[in-house]
1. Of all alpha-carbon pairs in the chain, indicate the percentage at a distance above 16 angstrom.
2. So which GluC sites (Glu not before Pro) in the range 40-100 pass both tests, a DSSP loop state and at most 12 other Cβ atoms within 10 Å of the Cβ?
3. Binning at 5 Å from 0, report for the range 61-100 what percent of all alpha-carbon pair distances ends up in each bin.
4. Loop only per DSSP, at most 15 neighbouring Cβ atoms within 10 Å: give me the trypsin sites (Lys or Arg not before Pro) in the range 1-43, ordered by residue number.
5. Leaving out ligands, DNA and RNA, what percent of the accessible area of the chain is carbon and sulfur, probe 1.4 Å?
6. Filter the cross-link list Lys8/Lys34; Lys8/Lys56; Lys25/Lys81; Lys25/Lys77; Lys25/Lys45 down to pairs whose alpha-carbon distance in this structure exceeds 32 Å.
7. Just need the relative contact order of the chain here, percent rounded to a whole number, with Cα pairs under 8 Å and 6+ apart.
8. Rounded to the nearest whole Å², what accessible area per residue is found for the chain with the 1.4 Å probe?
Amino acid sequence: MDTNIIEKLNSIEKLIVEHQTMQKKVLNFNETCKYLELSQSHLYKLTSTGAIPHYKPNGKKIYFNRPELDQWLLRNKIESKDEIEQQAANFLISKGKIKL
């Protein structure tokens, strides 16, 4: 029974640490790997090619702005069929092809 309690306490502690990390505005490299669910090698590749926004204040350690990461994650939106149809209808209305 004691080991069960210790395991539960350890899992609670891990969740608290993860929650605190996700509240931070600036993340280090390892925190970013966890946040984006990427391997270290893949994140290094993204930084070296300039594909992801990052900062190197002293030229060595890499840091990331969490709001910028969120914007990066949400780029290249794939629109739904309804959104595309609405855009097409708006285009036809604006060009005078269809009158309401």
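1. Working: 3482 of 4950 pairs.
Roughly 70 percent, rounded to a whole number.
2. Working: sites: Glu68, Glu79, Glu83, Glu85; in loops: Glu79.
Those that pass, being in a loop and sparsely packed, are Glu79.
3. 5, 19, 14, 12, 12, 10, 9, 8, 6, 3, 2, 1
4. On the way: sites: Lys8, Lys14, Lys24, Lys25, Lys34; in loops: Lys24, Lys25.
Of the trypsin sites (Lys or Arg not before Pro), the ones in loops of the range 1-43 whose Cβ has at most 15 other Cβ atoms within 10 Å are Lys24, Lys25.
5. 56 percent
6. Numbers: Lys8/Lys34 22 Å; Lys8/Lys56 38 Å; Lys25/Lys81 35 Å; Lys25/Lys77 24 Å; Lys25/Lys45 23 Å.
Going by Cα-Cα distance, Lys8/Lys56; Lys25/Lys81 fall outside the 32 Å limit.
7. Numbers: 50 pairs, mean separation 21.2, N = 100.
Averaging sequence separation for qualifying contacts and normalising by length gives 21 percent for the chain.
8. On the way: 8390 Å² over 100 residues.
Per residue, the chain has 84 Å² of solvent-accessible surface.
The values are calculated or read from the model by the stated rules, or taken from the named source; none is laboratory data. Here the structure is a predicted model, which means the values were calculated and not measured. Quick reminder, even Gly has a Cβ in these numbers, built from the backbone with ideal geometry, and neighbours come from all protein chains shown. What goes into the accessible areas is simple: the full protein's heavy atoms, side chains included, and nothing from ligands, DNA or RNA. Shrake-Rupley method; radii C 1.70, N 1.55, O 1.52, S 1.80 Å.
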